[in-house]
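A.B. asks: Have a look at the structure that comes next, please.
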Amino acid sequence: MPLSLLLLVLAVLSAFAYRFGTGRARAIAPGRQQATLHSRPTYHGFYVALWCGLPALLVAVAWVAMQPILVKGLVLAGLPDSYSALPEARLNLIWNDIRNLALGDVVRAAPAPEIQAAAETFRRLYTIGQAALAVLCLVLAPLGARYAYGRVSRDLRARNRVETVITVFLVASSLVAIFTTIGIVLSLLFESLRFFGKVPPLDFLFGLHWSPQTALRADQVGSSGSFGAVPLFTGTLLISLISMCVAVPVGLMSAIYMSEYAHRKFRAVAKPLLEILAGIPTVVYGFFAALTVAPFIRRLGESMGISVASESALAAGLVMGVMIIPFVSSISDDVINAVPQAMRDGAYALGATKSETIRNVIVPAALPGIVGGVLLAVSRAIGETMIVVMAAGLAANLSFNPLEAVTTVTVQIVTLLTGDQEFDSAKTLAAFALGLVLFCVTLGLNIFALHVVRKYREQYE
Amino acid sequence: MSEMTVDTPRGGAGTRALVAAGIGRRYRAERRFRLFGLVAIVSALVFMVLLFVSIVGKGYTAFLQTEIRLPIHYDVQTIDPQGLRDPVEMRRANYGKLYRDALHEMFPDVESRGDRRMLNGLVSSGATFEIRDHVFADPALIGKKGEVWVPASDDVDMLVKGNVDRNSPEHERRMTDKEIAWIDALAAQDRIETRFNWRFFTQGDSREPELAGIWGAVSGSFLTMLVTLVLSFPLGVATAVYLEEFAPKNRWTDIIEVNINNLAAIPSIVFGLLGLAVFLQFFGLPRSAPVVGGLVLTLMTLPTIIIASRVSLQSVPPSIREAALGLGASKMQMVTNDVLPLAMPGILTGTIIGMGRALGETAPLLMIGMVAFIVDVPHGFSDPATVLPVQIYIWADSAERAFVERTSAAIIVLLTFLILMNAAAVYLRSKFERRW
């Protein structure tokens, strides 16, 4: 029985259990006697339903987590002795073959007979496991329901029990965010450490040459791979800088116009329209940048006699800047609105025009908040992937010329990981090291920016 | 502010003259500044309009597909020489020969092998399967003749749609003069027509642009979004409820809060790396599967939903809570019966917005292998699948000219979904949101 079907059956059983539970509670205290129950009948229903569904669900989760490990152990133990001496990596490859063979996927070549036998064992164990799980769950669910049903009585503190379970669920969900962060940090760190075992960290952070081709065979010439990430960092910075040159003036000026000049009606139309820019998927921007903006810039350059690379940093940066406009403008809007009206009134009273007030009073007063917002925008630009993957180049040029093709950290992560290669090569591990750098930089920027913005808000509250 | 802070010893009249002298310049500066603001907004909006116009302009033609009407003779010798009507045997028959024969009959003077191959190339290779499907739908056709519309190849499609310049030198275009002459001959007999491209909406991916469709990607997106919604909505709401209503204010909950805010700002591709390392490598879940995509997107969407839900919960006035508690409700009853229903419109709006972001997300899904070339339409959560934005990425990378319009058309479909979702969010907000 597939897992989804099993879960569905459990849900249906729990629904029945709920009906029985409430019915039983109502039968114990019919009509006006209901007040003599400790908990209302619905809570008795939930109590029985939880006893029906929860134990079976927990068993199912544990089973699904454990089964692959057990099956792997059993299948590998069943292989001839010559296999058990193999190193871990080789064994994992063989294991993949067995699994693909058993699940009917494509297999490289004609498999050896013992592999085929192992695949057969795998398939048998797998089927047995699924069947056993289904039987176990379908026995546990009615048993639990029966037990809870028997306990339904006037004095059963069903509400408290149910609420305890819900509280546990609430606490557990709030931990998911923590576990996500831990998962990110551990996975990045773990793989990066393996990468730094092969490439020294200093070479990675300060090396000037990036060509992540590793040798397939030990005797191959000229492809030892070099992992100096400086060209990627400069490329990322260049594209982010271009995008900021677009996003900051346009975003800031539109925020100022919206909050200080615009008529209420104009604002009501223009603001949501501007927000649409933030909702367009980045892959759409990437397509537009690669297909429309880049050729346009190239033709423009040609007509002026300047040679522009077809994957210039300028095209990617411009489009990314447009994408970030609503982000900058909405943060600036908040920040500008937080400046006390008294400061504006003071400037007006001194005879300042509106633009003088804005330039000399409001913007300086809002500057920390705006800076914080811009930093958040920078961290967005650094982490943005699809636009640069589609519109920026792959060649790691150490250049600050916006008309040349440069590559970025995110582009390299994608190219390193979307090809076909084994997981343990320095090439794939390098992607995790780049990811770690990306994570650290954006996290640092965010923490700093949020700190600045919060400090600023406190100042005027 | 220099013009205002000049501290002159002159009397009132002198100052007034100074101010009056500068006032024209200052008002001009004022108007200029105001204009800059307007220009900023207008240029952003103009860019947006350009983007939409360019994509719709490139993409709308993909909803039509050039088809060729061929007089097919359903030859018994080719389809079912023994006359057994055995489906297995009939499936193996060479249906491609039928349309090639029809083409040859129409252009009997095409003799050389190369030319005949070129002639056959006018029709998409998918015609083979469509003719077969006709036969299987109506076996009575066998032995008869009939006019059949079959898809033209992508080059013909581009020529008919006017994307190939007929006047350019022959070697610069993908169509030779001969092919263009054949097309014109067919068109003169009313045998060429652009018809509604139903394949685009019902087929999976294909290497042939004229056969490629988005149904596989749409199904993949649907399955992925289903997983994301089922996981992220309860988890997000539960976290928000816990942090807003139950959590003690201490260091621990502070950490959780800071954590959620930071997660919201982590680049999406890092979530992809997490998915690759944890779900694929550690837990051994299948590559390219909607369930893994859904898990990754869940982790990515959770912060959005949590933050929106918390704002929504905060906006429920304390008097409601106190009234519930005053009537003897437990804290949990207060939350589930009173606070949550009142906060639900805001929570749903936040969820829809989060789901919209997840639907348009591409980068993390590339990391977990959803970028593979997958022809089959996925039917389960662990079938290999791709999603709509990734399909757009794959097509955008393809060399064929015809894929440009397919890509744009897929973008139109994706944007339509997003607009619908956002409209639903706006509607929910305006319909149900209460100001206290």
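A.B. asks: For residues that are more than 39 Å from the chain's Cα centre (by Cα), among the hydrophobic types (A, V, I, L, M, F, W, C) and within 23 Å of residue B:174 (Cα to Cα), tally how many sit in the stretch B:107-144.
C.D. replies: Counting residues in the stretch B:107-144 that are more than 39 Å from the chain's Cα centre (by Cα), among the hydrophobic types (A, V, I, L, M, F, W, C) and within 23 Å of residue B:174 (Cα to Cα) gives 2.
A.B. asks: Moving to a separate point now. Determine which single condition residue B:373 fails, assuming it passes every other condition in (1) assigned to a loop (DSSP other than H, G, I, E, B); (2) within 11 Å of the chain's Cα centre (by Cα); (3) among the aromatic types (Phe, Trp, Tyr).
C.D. replies: All conditions are met except number (2).
A.B. asks: Do we have residue A:347 as of a type in the set (A, V, I, L, M), within 16 Å of residue A:233 (Cα to Cα) and not in a loop (DSSP other than H, G, I, E, B) here?
C.D. replies: No, not satisfied.
A.B. asks: Tell me, please, whether a residue that is within 30 Å of residue A:35 (Cβ to Cβ), surrounded by fewer than 14 Cβ atoms within 10 Å (Cβ to Cβ), within 14 Å of chain B (Cβ to nearest Cβ) and not polar (S, T, N, Q) can be found in the stretch A:146-154.
C.D. replies: no
A.B. asks: Tally time: how many residues in the stretch A:354-383 are surrounded by 18 or more Cβ atoms within 10 Å (Cβ to Cβ) and either more than 38 Å from the chain's Cα centre (by Cα) or among the hydroxyl-bearing types (Ser, Thr, Tyr) (or both)?
C.D. replies: 6
A.B. asks: To continue, here is another question. Do we find that residue B:407 is among the hydroxyl-bearing types (Ser, Thr, Tyr), over 19 Å from the mean Cα position of the chain (by Cα), at negative phi and crowded, with 18+ Cβ neighbours inside 10 Å in this structure?
C.D. replies: No.
A.B. asks: Okay, moving on. Do we have residue A:276 as surrounded by 14 or more Cβ atoms within 10 Å (Cβ to Cβ), within 11 Å of chain B (Cβ to nearest Cβ), over 17 Å from residue A:243 (Cα atoms) and not polar (S, T, N, Q) here?
C.D. replies: yes
A.B. asks: Out of (1) in contact with a Leu (Cβ under 6 Å, 6 or more places away or on another chain); (2) within 28 Å of residue A:290 (Cβ to Cβ); (3) within 12 Å of chain B (Cβ to nearest Cβ), what's the single condition that is false for residue A:433?
C.D. replies: For residue A:433, the exception is condition (1).
A.B. asks: Go through the stretch B:184-196 and give me each residue that's polar (S, T, N, Q) and not in a loop (DSSP other than H, G, I, E, B).
C.D. replies: Filtering the stretch B:184-196 down to residues polar (S, T, N, Q) leaves B:189, B:194.
Across the stretch B:184-196, the qualifying residue is only B:194.
A.B. asks: Follow-up question, since we're still on this one. What pairs come up if the first residue lies in the stretch B:401-430 and is assigned by TED's automatic domain parsing to the domain that holds residue B:386, the second is among the aromatic types (Phe, Trp, Tyr), and their beta carbons are under 7 Å apart, counting only those six or more places apart or on different chains?
C.D. replies: Qualifying pairs under 7 Å: B:403/B:395; B:406/B:395; B:407/A:287; B:407/B:395; B:409/B:63; B:409/B:200; B:410/B:395; B:411/A:287.
A.B. asks: Another one. When the stretch B:241-300 is examined, which residues are found to be surrounded by fewer than 17 Cβ atoms within 10 Å (Cβ to Cβ) and either facing another protein chain (nearest Cβ under 7 Å) or within 25 Å of residue A:192 (Cβ to Cβ) (or both)?
C.D. replies: B:246, B:255, B:258, B:261, B:264, B:281, B:282, B:283, B:284, B:287
A.B. asks: Collect the residues in the stretch B:125-183 that are among the acidic types (Asp, Glu), touching a residue at least 24 places away in the same chain (Cβ under 8 Å), within 20 Å of residue B:198 (Cα to Cα) and part of a helix (DSSP H, G or I), keeping them in residue-number order.
C.D. replies: Scanning the stretch B:125-183 gives B:154, B:155, B:157.
A.B. asks: Could you check the stretch B:386-402 and list, in sequence order, the residues that are away from chain A (no Cβ under 11 Å) and either modelled with pLDDT of 90 or more or surrounded by fewer than 14 Cβ atoms within 10 Å (Cβ to Cβ) (or both)? Don't jump to the end; show me each part of the working.
C.D. replies: Start the filter on the stretch B:386-402 by keeping residues that are away from chain A (no Cβ under 11 Å), which leaves B:386, B:398-402.
Those that are away from chain A (no Cβ under 11 Å) and either modelled with pLDDT of 90 or more or surrounded by fewer than 14 Cβ atoms within 10 Å (Cβ to Cβ) (or both): B:386, B:399.
Conditions (1) at pLDDT 90 or above; (2) within 14 Å of chain B (Cβ to nearest Cβ); (3) surrounded by 22 or more Cβ atoms within 10 Å (Cβ to Cβ); (4) touching a Ser or Thr at 6+ places or on another chain (Cβ under 7 Å), marked per residue:
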| position | (1), (2), (3), (4) |
| --- | --- |
| A:189 | yes, yes, no, no |
| A:214 | no, no, no, yes |
| A:218 | no, no, no, no |
| A:229 | no, no, yes, no |
| A:242 | yes, no, yes, no |
| A:247 | yes, yes, yes, no |
| A:251 | yes, yes, yes, yes |
| A:266 | yes, yes, no, no |
| A:270 | no, yes, no, no |
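A.B. asks: Can you confirm whether residue A:75 is under 24 Å from residue B:283 (Cβ atoms) and within 13 Å of chain B (Cβ to nearest Cβ)? Before you say what the answer is, go through the steps one by one.
C.D. replies: Values: under 24 Å from residue B:283 (Cβ atoms): yes; within 13 Å of chain B (Cβ to nearest Cβ): no.
No; evaluated as a whole, the condition is false for this residue.
A.B. asks: Before we move on, is residue A:3 closer than 20 Å to residue B:282 by Cβ and in contact (Cβ under 8 Å) with a residue 40 or more places away in the chain?
C.D. replies: Details: closer than 20 Å to residue B:282 by Cβ: yes; in contact (Cβ under 8 Å) with a residue 40 or more places away in the chain: yes.
Yes; evaluated as a whole, the condition is true for this residue.
Every residue, every condition in (1) within 22 Å of residue A:212 (Cβ to Cβ); (2) assigned to a loop (DSSP other than H, G, I, E, B); (3) among the aliphatic types (A, V, I, L, M); (4) away from chain B (no Cβ under 11 Å), yes or no:
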| position | (1), (2), (3), (4) |
| --- | --- |
| A:365 | no, no, yes, yes |
| A:371 | no, no, yes, yes |
| A:380 | no, no, no, no |
| A:395 | yes, yes, yes, yes |
| A:398 | yes, yes, yes, yes |
| A:406 | yes, yes, yes, yes |
| A:411 | yes, no, yes, no |
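A.B. asks: Additional query: Do we find that residue B:21 is more than 30 Å from residue A:330 (Cβ to Cβ), modelled with pLDDT of 85 or more and outside the structural domain of residue B:190 (by TED's automatic domain parsing) in this structure? Talk me through it step by step, then tell me what you get.
C.D. replies: On the way: more than 30 Å from residue A:330 (Cβ to Cβ): yes; modelled with pLDDT of 85 or more: yes; outside the structural domain of residue B:190 (by TED's automatic domain parsing): yes.
Spelling it out, residue B:21 is indeed more than 30 Å from residue A:330 (Cβ to Cβ), modelled with pLDDT of 85 or more and outside the structural domain of residue B:190 (by TED's automatic domain parsing).
The values are calculated or read from the model by the stated rules, or taken from the named source; none is laboratory data. Because the structure is predicted, anything quoted here is derived from the model rather than measured. Positions of Cβ are backbone-derived with ideal geometry, glycine not excepted, and every protein chain shown enters the neighbour counts.
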